[in-house]
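Report on the structure given below.
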Amino acid sequence: MGSITRMEDEELEMGVEWSSEAVLYVNGVRRVLPDGLAHLTLLQYLRDMGLTGTKLGCGEGGCGACTVMASFYDQDAGKSMHYAINACLAPLYSVEGMHIITVEGIGDSKFGLHPIQESLVKAHGSQCGFCTPGFIMSMYALLRSNKQPPSEEQIEESLAGNLCRCTGYRSIIDAFRVFAKTDNSLYCNASPAASKDGSIICPSTGKPCSCGEATVKSEKTKQISYNEIDGNKYHEKELIFPPELVLRTPLPLKLKGFGGIKWYRPLSLQHVLNLRKFYPSAKLVIGNSEVGIETKFKNAQYNALISVTHVPELNVLNVREDGIEIGSSVRLTRLEQTLKKVAEEREAHETSSCRAILGQLKWFAGTQIRNVASVGGNICTASPISDLNPLWMATGAKFQIIDCKGNVRSVPATEFFLGYRKVDLRQDEILLSVFLPWTRHFEFVKEFKQAHRREDDIALVNAGMRVYLKEIDGGDWVISDMSLVYGGVAAVPLSASKTVKLLSGKTWDEKSMLEALDLLKDDVVISDDAPGGMVEFRRSLTLSFFFKFYMWVQHEMSQKGLLKNGLSRHDLSSIEPYSRPPSSGSQNYEVSQLGTAVGLPKPHLSANLQVTGAAEYTDDIPTPPNTLHAALVLSKLPHARIVAIDDSAAKSSPGFAGLFLASDVPASNAIGPIARDEEVFASKVVTCVGQVIGVIVADTHENAKAAASKINITYEELPAILSIREAIQAGSFHPNSDRCMQKGDVEKCFGSSLCDRIIEGEVQVGSQEHFYMEPNCSLVWTVDSGNEVHMISSTQSPQKHQDCVARVLGLPSSKVVCKTKRIGGGFGGKETRSAFFAAAASVAAYHLKRPVKIVLDRDVDMAITGHRHSFLGKYKVGFTNEGKILALDLELYNNAGNSFDLSQSVLERGMFMSENVYDIPNMRVRGKVCFTNFPSNTAFRGFGAPQGNLIAENWIQRIAMELQKSPEEIRELNFHGEGYETHYGQLIEHFTLKQVWEELKTSCDFARMRQEAASFNNQNRWRKRGVAMIPTKFGISFTSSHLNQAGALVQVYTDGTVLVTHGGVEMGQGLHTKVAQIAASCFNIPLSSVFISETSTDKVPNASPTAASASSDMYGAAVLDACEQIVARMQPVASRNKHGSFAELARMCHFERIDLSAHGFYITPGIHFDFKVGKGVPFNYFTYGAAFAEVEIDTLTGDFYTRSADVVIDLGRSLNPAIDIGQIEGAFVQGMGWIALEELKWGDSSHKWIKPGNLFTCGPGTYKIPSVNDIPLKFKVSILKGVGNPKAIHSSKAVGEPPFFLAACVLFAIKDAIIAARANSGHNEWFPLDNPVTPERIRMACLDMFTEKFVDTDFRPKLSI
């Protein structure tokens, strides 16, 4: 208390009148923030006040679901400024004096949508809808912050910090593209513009429209202004910046929060220094982008936070004659704007450093982070992978440091970083500013960075390089001064001092460059056990970056006419920067309308609610006043015996309400979707990290987590199995999981003379995280003191929740109700695993008779809920010299994890699909399910089929290399045809693949693209292009026969509206929309007259999970059955009486006591399979598709991008082509993530720098799904025309899973490019390439003089399987 009192006295002596009056405007409404909320984020505050359109997706600023617009009045500029921020990271008091606009504040369904919202609806840019508000607000902030409409490039860049898992982004970009105009007249005319020939001009592109007879509505093309106070026009619905905030003078703030935390906002440097004196351990915060992560994920605690956003001395940005002075509080966005202006206005030779920093800022985090993150925060965090710190060092920047007495000292950036996250700042000092000197004539600075994902990703290795050259007699140029600084290779940015010393005074030529490369290898040392792994790759990048730097300087000098010889065309490719033009897409389909709605490209039924933030997800539902919040107590070891549990500290934790363990389970602790081989709470032994041992409930989510962290568990550690190979070696398989399917006689074929060649090999198939945008969530409460239990859950299978909770609590299923309104993505991840968390919460709710809500944090969700199964395939293939496949012997192993879950079925589908589309006369497939000490893996889009397909395409590609033919030629030669009998005994009917394949070849002009890629590769040494075409066949049906059934309830009301309830769950795939279209067409009524509210176990019992791509088929047919029953009942009344409307007919039927409610039911016919003999008909029909991709890779870094992708797929007669196109694009981009970006890294023998059994990649900071920047530049999707499907409703076909594997064309296009690169080094042999083909795998496969210094030619980067 003494120090606190002393501080308060000192504050009075300073003459500072600290205020606790905090004012904030939210959507135009004034809010006074009470004291005591310093621990809250803006997101928590907004959601607590009912503005739930702003979502919690990750809690670390990595997904953009929480994006809002913050506006403040800039006194210097004399206008309000608008920018997008992550509400999940912004401390509540940091936005004091600002106007926060959320998605609810710009438009709603009742009073009208904002043009941005309307455009997204019409472009079908919302599927599950969870990410939609974030995208809307990013775009809105961009428009409000620009005086002129933004360019298409700016629009795409503004979305870098927003992730979507459903759409594939193309539709979102198209929706927003209309706000970037190329010709003002197109947007000012009341009617659409026309070209000379009379065709419609598209406002997006300024080119003739290709949308046929579609008209461009005038309201989409009228000019709209989005500017603010300085005399600009507003849209009629736009919220203005509050006048009070324009006139209001900021006050120094002193506020407090939970746990004694203090929040200060000083207004002068002296105030900051005094606070620093009395709070030496206080954190200075601006954007909170680092401190927020530390407090949330690293349990860091600070007694005081000092917000320095309003300190003028720290916000200086002065352009001087000798350089730029940059205040430590300057935000990165402002720095970027200033540097761009400086680079335009000053001599080019002075701004080489500026351009290098700009180049690095382009790929620095997302827009929302750059808008709040500061220069000083990034420096003082001292991250080993900071993108800017190597550049500050290389450019000769100096840091100005001030102490509490006002003394200023200057420290060179090269001397500032002392150790891991340690800097040359005493406790009484702060960073005042950075001084960046201008560069001189013949001084060159260049930035380098390589990450997993190009956009919004941390660096694996980065660098800042500078050289100052002087001309000597004879025209040679010598190195007068030089800096080579690397990040991501050591605990601090590392200067290659030995190399610099070697080069100093030497001629700038190839000889010196080669000498430097030899020394760099030993000068920049990365230890074998370095955190982050990928050691060989990171080592190679240090050489690649220097080589690129040398070549870049050579080119710059030659461009200035200072060197006789410039770079050759071959070598010029080493320095060509990645420049992404705006992406484009085209969709080709026919509309086959049936009735009033079926076949029409209608928007998603919930789209209007989603774009306005009004669509409710489980976490958005208002909770009862006495609701408790749950947090799980999780195992920290992969395999151990529980010796003791100490809960004493937890029980004294604030808000604690109860701890429940295995002994507290009312009935059965044994659960599981098939085998009851799991426990709600581990009782004696844990078999993976993250296994649930207990559940704690408290008054808030934060208090529950805090209490759970205080549980102390004593373990007796046991041996753990942490990979498929370890499981095989130990014979660790789940019981009775062996499977075998065969056709012909493989042994006889191999032993005969028919096979000209036989190859053997292995294929490793990587895993994948679902990364649904909405984390798992359930709200459970009891009724009648526990006689009944009700729950609302984010699940694909309410029935499994019902069954699991009933079993655990000992209640009959009839007394347990589970409801699901909608879920924010599932992809299989919420089919079975979500039920376990509902069961855990139900135990607490049952005992305490209080509602319990459980929401998993993103890192916990990713770590414990399971993933796509990794596979290991061992193949032996016999074939002729022409390429005809004669025999395949295949062994498949999948990594089930610590329980059976659905792993057997996943393996079986992998075995079914292991032939893909190929005619193989002799085939044997054997499979086993491996038990490992990881969290149980589970269903994921494709359900084993993509893994089986990928293994097949690997040996197809190897056959092609063996025979020196193209893989496409081998594929075509071996396509099976109509009537072909598969290795599991099913005859192929209605085989349309050849038609699909030929259409794709024509559409992508494959022969020309192959030739152009070869020509490009001949001309470029360091960049290569590759092309590939891939086919797929996906069987539609659950392979467990009993699941192929569906029920529905249809009710017609006397006003002519229809309520439909069915057993399927809407998770963004448009199931409810398609089902409603079926009902509308059957009744011949408008789609708007049909409503689907929710999925509930008390309306439709015993429903199968919404999975296997079969839901539209099954639930559509069940609804049609119910509708037809009602139509048949209404028919006699209709024939006897004239009626002007369906409502009138419904009233007539009601008066005649006709039952207007019907239960519909559907059974998929003909499904059966006998695993004892390995034969049967497991599928109702097949969906066929094919895809083409062209990619370009940087062989020196492994960076790549997809230049174009073309997809053709047979969907019969689409129920809704717009929704189906969205599913195709979303599946393809998600598939691109699996094959090229998304790598799960576990603590195993391949990753010893991670704790055993722990998941390292458990959030968007370390696990990278595709972003806007990763989609194909040209993305074309076509639905095959003129074909039907007699096996499904209205001749349609299922679409959810089949397109996923088609993204493998990107993998094989990359491999095609790598083959070209290896050929330049004389390597023409076959090589394995595992997925995901990350930059590491691409670069290390491109063998050259740099990689050979670190690895052998058979090097294979490590992969967790």
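Things to note:
- The range 604-659 - percent of accessible surface contributed by carbon and sulfur, probe 1.4 Å: 54 percent
- Cα extents of the range 821-873 along the three principal axes, largest first (Å): 50, 23, 19
- Compactness relative to 2.2 N^0.38 Å, alpha carbon Rg of the range 398-526: 1.25
- Local electrostatic count, Glu981, Cβ distance below 12 Å [Lys/Arg +1, Asp/Glu -1]: -2
- FRET efficiency, Tyr1201 to Lys1138 (Cβ-Cβ, R0 45 Å, nearest 0.05): 0.10
- Potential extension, Asp473-Asp1055 segment - 0.36 nm per residue separation minus Cα distance: 200.0 nm
- In terms of packing, defined here as the mean over residues of other Cβ atoms within 10 angstrom, the peptides 1134-1143, 435-444 line up highest first as 435-444, 1134-1143.
- Inter-site label distance for Ser668 and Arg757 at 7 Å from Cα along Cβ, in nm: 5.4 nm
- Loop-resident sites, the range 834-897, for trypsin sites (Lys or Arg not before Pro), counting at most 13 other Cβ within 10 Å (DSSP): Lys849
- Protection proxy ranking, peptides 556-562, 344-350, average beta carbon neighbours within 10 Å, highest first: 556-562, 344-350
- At an R0 of 60 angstrom, the distance between the Cβ atoms of Arg248 and Ile645 translates into a FRET efficiency of 0.65.
- The alpha carbon convex hull volume per residue for the range 981-1108 rounds to 222 Å³.
- Sequence-distant residues sharing a close amide H with Thr932 (under 5 Å, placed H): Ala896, Gly897, Asn898
- Scaled to the globular estimate 2.2 N^0.38 Å, the Cα spread of the range 321-479, given as radius of gyration, is 1.07.
- Extended-chain gain in nm, criterion 0.36 nm per residue less alpha-carbon gap, Glu321 and Asp784: 158.8 nm
- Figure note: Phe1300, Phe258 ranked by solvent-accessible area, largest first, 1.4 Å probe, ligands and nucleic acids not counted: Phe258, Phe1300.
- Peptides 159-168, 315-324, 136-145 ordered by average Cβ neighbours within 10 Å, highest first: 159-168, 136-145, 315-324
- Rounded accessible area of Arg641 (nearest 10 Å², 1.4 Å probe): 100 Å²
- Links that overshoot a 30 Å alpha carbon limit, given the list Lys262/Lys422; Lys743/Lys1274; Lys405/Lys501; Lys277/Lys446; Lys498/Lys1241; Lys422/Lys449: Lys743/Lys1274; Lys405/Lys501; Lys277/Lys446; Lys498/Lys1241
- Count of Lys pairs (Cα-Cα under 21 Å; at least 8 positions apart or interchain) in the range 781-917: 15
- Volume in Å³ per residue [convex hull over Cα atoms, computed for the range 1135-1184]: 167 Å³
- Take every Cα pair under 8 Å whose residues are at least 6 apart in sequence, average their separation, divide by the length of the range 684-801, and the relative contact order is 9 percent.
- With all protein chains modelled, accessible area of Cys740 [1.4 Å, Å²]: 60 Å²
- Here r is the Cβ-Cβ distance between Lys1349 and Glu336 and R0 is 25 Å; the resulting FRET efficiency, rounded to 0.05, is 0.10.
- Using every pair of distinct Cα positions in the range 733-883, the Kirkwood expression returns a hydrodynamic radius of 18.9 angstrom.
- Convex hull projection area averaged over all views, the range 1185-1319, Cα basis, nm²: 11.1 nm²
- Span from the the range 949-968 Cα centroid across to the the range 1197-1262 one, whole angstrom: 22 Å
- Overall form of the range 388-469 per C-alpha gyration tensor (a/c, 1.5; a/b vs b/c): oblate
- Simple rule: put +1 on each Lys or Arg Cβ and -1 on each Asp or Glu Cβ in the chain, find the dipole, and look at Val686, Val525, Asn1018; the Cα lying farthest toward the positive end is Val686.
- Remark: accessible surface ordering of Thr1353, Thr52 (largest first) is Thr1353, Thr52, probe radius 1.4 Å.
- Whole-Å semi-axes of the ellipsoid equivalent to the range 1253-1292 (Cα gyration tensor, √5λ, descending): 39, 19, 6
- Considering only Cα atoms, the convex hull volume of the range 1169-1237 works out to 146 Å³ per residue.
- Accessible surface of Lys710, taken over heavy atoms with a 1.4 Å probe and every protein chain present, rounds to 80 Å².
- Using C-alpha pairs under 8 Å with a sequence gap of at least 6, the mean separation divided by the residue count of the chain gives a relative contact order of 11 percent.
- By the Stokes-Einstein formula, at 0.890 mPa s and 25 °C, the range 662-736 with its Kirkwood radius over alpha-carbon pairs has D equal to 162 µm²/s.
- Diffusion constant of the range 232-383 at 4 °C, which comes from Stokes-Einstein with the Kirkwood Cα-pair radius and 1.567 mPa s, µm²/s: 73 µm²/s
- Percentage, to the nearest whole number, of Cα pairs in the chain over 54 Å apart: 23 percent
- Projected-area mean, the range 1246-1339, by convex hull of Cα positions, square nanometres: 11.4 nm²
- Rolling a 1.4 Å probe over the protein heavy atoms gives the chain an accessible area of 35 Å² per residue.
- Cα-based equivalent ellipsoid of the range 1300-1345: semi-axis lengths in Å, sorted from largest, via gyration tensor: 20, 11, 8
The values are calculated or read from the model by the stated rules, or taken from the named source; none is laboratory data. This one's a predicted model, so the numbers in the text were calculated from it and none came from an experiment. Because the Cβ atoms are built from the backbone with ideal geometry, glycine has one as well, and the counts that use them run over all protein chains shown. Side chains included, ligands, DNA and RNA excluded: accessible areas come from the protein's heavy atoms. Shrake-Rupley method; radii C 1.70, N 1.55, O 1.52, S 1.80 Å.
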